[in-house]
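The values are calculated or read from the model by the stated rules, or taken from the named source; none is laboratory data. Values in this document were obtained by computation on a predicted structure and should not be read as measured data. Neighbour counts run over all protein chains shown; Cβ positions are idealised from the backbone, glycine included. Calculation scope for accessible area: heavy atoms of the full protein, side chains included, ligands and nucleic acids excluded. Shrake-Rupley method; radii C 1.70, N 1.55, O 1.52, S 1.80 Å.
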Amino acid sequence: AQSVTQLGSHVSVSEGALVLLRCNYSSSVPPYLFWYVQYPNQGLQLLLKYTSAATLVKGINGFEAEFKKSETSFHLTKPSAHMSDAAEYFCAVSADSSASKIIFGSGTRLSIRP
Amino acid sequence: EAGVAQSPRYKIIEKRQSVAFWCNPISGHATLYWYQQILGQGPKLLIQFQNNGVVDDSQLPKDRFSAERLKGVDSTLKIQPAKLEDSAVYLCASSIQGSYTFGSGTRLTVV
């Protein structure tokens, strides 16, 4: 069965600093991995997804994530945080590229300090 | 393109009452999902429809929750009777070819 673990329920960084949100996955088959963002009182928006092509995946709003099979990780990064990045971020895994069933992590709340 | 529409946005009910949520997916999206998101947790899949058929309802508490998708378009999720632990945001999503679109959700508070 697939699952993801997000390390750190809350991360706080200064504006302009590096953002690093950690995600480790467990999957018995080659996984497809996703990062979603949720702004207050809104639905989930896809940031990026890994589907077994390039291991470094670039997404929207300057975010990127690197798939590391040896570490079973898919951490999300952004070189320079902006105030508008404050939101809840969810890592997710699916067993197939059609994402017929997505399993979400518990989420990491990102706060940005001025 | 219009997004996934959900109503109501907020609902407060007393325990043991019933409640219903409505979802209108993106036109042409055959797959529809209902997720439950409890505060501080990630969304948990309750039920998945493909057109008007149920694909997966293994996580749906069937003694109190029910869902239908008549004509393969709109869907309703019902809780009867509600418990305090049902307080959560209920998200509807639709997908096509692996691309998901989520609605803004219905925030349910059971008191």
Would you pick out the residues in the range A:1-25 that are within 13 Å of chain B (Cβ to nearest Cβ) and either open to solvent by less than 30 Å² (accessible area, probe 1.4 Å) or within 11 Å of the chain's Cα centre (by Cα) (or both)? A:VAL4, A:THR5, A:GLN6, A:CYS23
Could you pull out the residue among A:THR77, A:THR55 that is of a type in the set (Val, Ile, Thr) and open to solvent by less than 60 Å² (accessible area, probe 1.4 Å)? A:THR77
Complete set of residues in the range A:26-57 that are within 13 Å of chain B (Cβ to nearest Cβ) and among the β-branched types (Val, Ile, Thr): A:VAL37, A:THR51
Of the residues in the range A:75-114, those that are of a type in the set (Asp, Glu) and either away from chain B (no Cβ under 14 Å) or closer than 28 Å to A:ALA17 by Cα (or both) come to A:ASP85, A:GLU88
Subset of the range B:66-111, residues facing chain A (nearest Cβ under 9 Å) and not in a strand (DSSP E or B), comes to B:GLN97, B:GLY98, B:GLY103, B:SER104, B:GLY105
Which condition from (1) out of contact with any Pro (no Cβ under 7 Å at 6 or more places or on another chain); (2) within 11 Å of chain A (Cβ to nearest Cβ) is the one that B:TYR35 breaks? (1)
Being out of contact with any Pro (no Cβ under 7 Å at 6 or more places or on another chain) and of a type in the set (D, E, K, R) is the filter here; which residues of the range B:57-72 pass it? B:ASP57, B:LYS62, B:ASP63, B:GLU68, B:ARG69, B:LYS71
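Looking at this structure, is A:THR72 away from chain B (no Cβ under 14 Å), within 15 Å of the chain's Cα centre (by Cα) and of a type in the set (S, T, N, Q)?
Yes; evaluated as a whole, the condition is true for this residue.
Quick one: in the range B:51-78, which of the residues that are hydroxyl-bearing (Ser, Thr, Tyr) and surrounded by fewer than 16 Cβ atoms within 10 Å (Cβ to Cβ) is modelled with the highest pLDDT? First the steps, then the outcome.
Let us first name the residues in the range B:51-78 that are hydroxyl-bearing (Ser, Thr, Tyr), namely B:58, B:66, B:75-76.
Then drop every residue that is not surrounded by fewer than 16 Cβ atoms within 10 Å (Cβ to Cβ), which leaves B:58, B:76.
Numbers: B:SER58: 92, B:THR76: 97.
Top of the filtered list is B:THR76.
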